[in-house]
Amino acid sequence: MSTCPICGAELFVGLRSWHLVCGVCGYEGSTLNAHILSQAPGGDLDEVAREDALETLRRSNFQRLLAAIRGLTSKTSSCQHPMRLLDVGCAHGWFLEQARGNFDATGIEPDRGVAEATAARGLRVRKGFFPDVLATDERYDIIVFNDVLEHIPDINATLQACMLHLVPGGLLVINAPNRMGTLYRVSKNLLRLGRSGTFDRMWQLGFPSPHVHYLDTEAVTALAERHGFTLLASERLPSVSISGLYSRVRYSKDVSPVKALLLTLAVAVAIPALAVLPPDIEVWFLRREPDA
Ligand SMILES: [Zn+2]
């Protein structure tokens, strides 16, 4: 039996054997295991293909994210030197690349091959896991998790480490899938109709590092309060765009070209509606409370 990382209640098996649900707060988790360190150095080729398909969407989302971070930190930034930003799970360094114009940006990446390739492009990257690779007294003004927190099993230990490695008043940015999102809810309905593909895909079943949590604003607020943070704001980010959509759908090898084309068209038609329905990707901005 496992307990809910948000409220401590008992978790029950949900819609799949590996899917867990909290009957009290609604938190959803999984028992899926990461095998990121056991794969070939540099990640497998499929992962590269997937990242390529997502690149355009990610880059435009990162631009919006950085604008929001600048807005939230401009009032607190009184010193002359640029603010220190830590990007946990920086992967290919796209966020670092965009952030280094305004911030003193450092990344952490556990995949050795990916970390080396990113460092070779002139970006500052530490190889390993957060917070193990940081010195005990190392502090940042901003810590960012871009599509990373939902992969980390002990979410409470991670938030505690963020508290230790952020300056008082520092900003914690969590960019993660939202449990209340429209596509996720559609995937649950499809599963109830006997079609598990979309739901499994939302959890990244079979991927090197599948999702272990699905958060929502209530869960993030509870986590924030427990670990000494205040939720300042949240922002929605588009989870799909026309660009790269076909290759993203096609990336799943069990999808035939015809089916992928039909799926692409269906999602493309739905994009305007998705822009106003509950978002599938949300960014939560948390402020570390000053020391008492
Ligand atoms: Zn719970």
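When peptides 137-144, 283-290 are sorted by average Cβ neighbour count within 10 Å, with the highest value leading, the order is 283-290, 137-144. Here the label points at Asn156 and Arg121, each 7 Å from Cα along the C-beta direction, are separated by 3.7 nm in the simple model. Averaged per residue, the range 113-202 has 43 square angstrom of accessible surface, using a 1.4 angstrom probe with ligands and nucleic acids left out. Basic side chains Lys and Arg get +1 at the Cβ, acidic Asp and Glu get -1 at the Cβ, and with that the dipole of the range 104-163 about its Cα centre reaches some 220 debye.
Both numbers refer to the Cα atoms of the range 72-222; Rg and Dmax are 17.2, 58 Å.
Backbone phi angles across the range 8-19, fed through the Karplus curve with coefficients 6.51, -1.76 and 1.60 (θ = phi - 60°), yield HN-Hα couplings of x, 6, 6, 9, 10, 5, x, 8, 9, 4, 9, 8 Hz in residue order; Gly and Pro are listed as x.
The values are calculated or read from the model by the stated rules, or taken from the named source; none is laboratory data. Quick caveat, the model's predicted, so the values are computed rather than measured. Virtual Cβ from ideal backbone geometry, glycine too; neighbours counted across all protein chains shown. Remember, those area values only see protein heavy atoms, side chains included, never the ligands or the DNA or RNA. Shrake-Rupley method; radii C 1.70, N 1.55, O 1.52, S 1.80 Å.
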